[in-house]
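The values are calculated or read from the model by the stated rules, or taken from the named source; none is laboratory data. From a predicted model like this one, the values you see are computed outputs, not experimental measurements. Positions of Cβ are backbone-derived with ideal geometry, glycine not excepted, and every protein chain shown enters the neighbour counts. Remember, those area values only see protein heavy atoms, side chains included, never the ligands or the DNA or RNA. Shrake-Rupley method; radii C 1.70, N 1.55, O 1.52, S 1.80 Å.
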Amino acid sequence: NSFQKAIDSSGEVMRIQPANKHAAALNATALHKIGRKKEAASAVTELIGAFQRSEDQHVQDELGAPLELFVSLLVEMHRTKEALRLLSQLLSRVSGPRHRPFFFGLARLYAKHGLNKDALVLKLPQLCTRPPNRRTWDLLKSMAEYTPAAVEQLLQSYIDEAGPGRFTHVPQITEVMCKLPFGAHGSAANKALKLLQRFGAQLTPDRPEDLKIIVEDLRAFMASNISPAVRERLPRAIESLLLSYCEALTAQHTADAWEMPGDLMKRAFDGQTPAVLLEQLQRSCLRLPLTSEKTLWVVFRHLSPDSGVTLVRTWLLQNDAAADVD
């Protein structure tokens, strides 16, 4: 039968390559399947030792099919504790960023067989950098499915470090959040939206780049695969952030601070900026004195022709009236 053929072919390979773990795992599996329990048990014991003795430079190569086949066999033979011990021993070799693929492969095996993930949870923070780099974010996105609680805990530590002038990693934080299994119907995206709104409440014209980061992340959400219930709230969230920001603008703020909202309005609303935002931006501009004329032109260049002309005419009339009073 097919199992006997597997025993014969794997035996041939093992005679030529005694250290071939794939052939040994296939041989042990076939022996177990045809009921040669003692031989299978002996082969399994030998293979456990072989994996434990593997040199570090070879472990990652052996992680794929050989280890996956062998762990499946251990679970099928109800030797789950031995599977856990072997995986934990291999996991102890994970020591830095270069081992991330190895770590992820082990995580897949833990998840596939429903094994206790405590060892994974303890190891994950050791592979993440501070400040987080691209590889850290890639690892967290990959692990969100397998160890969601551990990933969420790490995310919270990065969230706690974010604040005015420190929003650089917000897009990566929300991207990982949306990978977490918080449930159906867009609940993960909903949680990320609430986080962005919380960060948005900390925005001020003193740091215009912060506004750009948060609004651009909200725009990215609009283009992503999220529930309609969350998507329909995004334009209003962007509008609210821009409105609060514009209300806080004063003549003391930089040209960059004044330019940012107009640029973002144009992109966020595809040239159809809500009237309430244009009205607030105009009210803020009308607070500018004649000495801030250059700032006015910075705002003007991001407005539609009609809105721009209305703003400049109103500002000139107001300042002419003020000059006449003086």
Item to complete: Return a whole-number percent for the relative contact order of the range 256-326, with Cα pairs under 8 Å and 6 or more residues apart as the contact set.
Response: 37 percent
Worksheet item: Taking the Cα centre of the chain as the origin, how large is its charge dipole in debye, to the nearest 20, when only Lys and Arg (+1) and Asp and Glu (-1) carry charge on their Cβ atoms?
Response: 1620 debye
Worksheet, complete the sentence: Cα-based Debye curve of the range 41-181 sampled at q = 0.12, 0.15 Å⁻¹ gives log₁₀ I(q)/I(0) of -0.52, -0.75
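Using the per-residue mean of other Cβ atoms lying within 10 Å as a proxy for protection, in what order, highest first, do the peptides 167-178, 108-119 fall?
167-178, 108-119
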Worksheet item: Accessible area per residue of the chain at 1.4 Å probe, in Å²?
Response: 52 Å²
Worksheet item: Any idea what Rg and Dmax come out to for the chain if you just take the C-alpha atoms, in Å?
Response: 30.2, 106
Worksheet, complete the sentence: The Cα radius of gyration of the range 226-284, divided by 2.2 N^0.38 Å with N its residue count, comes to 1.20
Worksheet item: How much of Lys141 can a 1.4 Å solvent probe reach, expressed as accessible area in Å² and rounded to 10?
Response: 60 Å²
Response to the item:
Relative contact order in percent for the chain (Cα pairs under 8 Å, 6+ apart) equals 9 percent
Item to complete: List the extent of the Cα atoms of the range 208-326 along each of their three principal axes, largest first, rounded to whole Å.
Response: 57, 25, 19
Worksheet item: Of Lys5/Lys37; Lys21/Lys141; Lys112/Lys191; Lys212/Lys266; Lys5/Lys33; Lys5/Lys112, which pairs sit farther than 23 Å apart, going by alpha carbon to alpha carbon?
Response: Lys21/Lys141; Lys112/Lys191; Lys5/Lys112
Discussion item. Could you give each residue of the range 157-174 its phi-based ³J(HN,Hα) in whole Hz, using Karplus coefficients 6.51, -1.76, 1.60 with θ = phi - 60°, and x for Gly or Pro?
Written reply: 5, 6, 5, 4, 7, 7, x, x, x, 10, 9, 3, 8, 4, x, 6, 4, 5
Worksheet item: Summing -39500 (n - 2.57) over the DSSP H runs of n ≥ 4 in the chain and dividing by its residue number, what mean residue ellipticity at 222 nm do you reach, to the nearest 500 deg cm²/dmol?
Response: -22000 deg cm²/dmol
Worksheet item: Within the accessible area of the range 209-296, what % is carbon and sulfur when the probe is 1.4 Å and the other protein chains stay in place?
Response: 52 percent
Response to the item:
Candidates Arg267, Arg15, Arg135; GNM for the chain (alpha-carbon contacts under 10 Å) flags as most fluctuating Arg15
Practice prompt. Straight distance only, please: which aspartates and glutamates reach the Cα of Lys179 with their own Cα at less than 17 Å, same-chain residues fewer than 8 apart left out?
Written response: Asp138, Glu145, Glu152, Asp217
Worksheet item: How much space per residue, in cubic angstrom, does the convex hull of the C-alpha atoms of the range 149-224 take up?
Response: 76 Å³
Worksheet item: HN-Hα J couplings of the range 65-71 from phi, Karplus 6.51/-1.76/1.60, θ = phi - 60°, integer Hz, Gly and Pro as x?
Response: 4, x, 5, 4, 5, 6, 5
Practice prompt. Note down the relative contact order for the range 94-177 as a percent, whole number, built from C-alpha pairs under 8 angstrom at least six residues apart.
Written response: 28 percent
Discussion item. Under a Cβ-only charge scheme (Lys and Arg +1, Asp and Glu -1), can you give me the dipole magnitude of the range 193-326 about the Cα centre, in debye to the nearest 20?
Written reply: 520 debye
Discussion item. Can you work out the Karplus-derived ³J(HN,Hα) for every residue in the range 33-42? Use 6.51 cos²θ - 1.76 cosθ + 1.60 with θ = phi - 60°, whole Hz, and x for glycine or proline.
Written reply: 5, 9, x, 8, 4, 5, 5, 5, 5, 5
Worksheet entry | q = 0.12 Å⁻¹, the range 112-196: log10 I(q)/I(0) [Debye, one scatterer per Cα] | -0.35
Item to complete: Run the dipole for the range 140-258 about the Cα centre, Lys and Arg Cβ at +1, Asp and Glu Cβ at -1, nothing else charged, and hand back the magnitude in debye, nearest 20.
Response: 340 debye
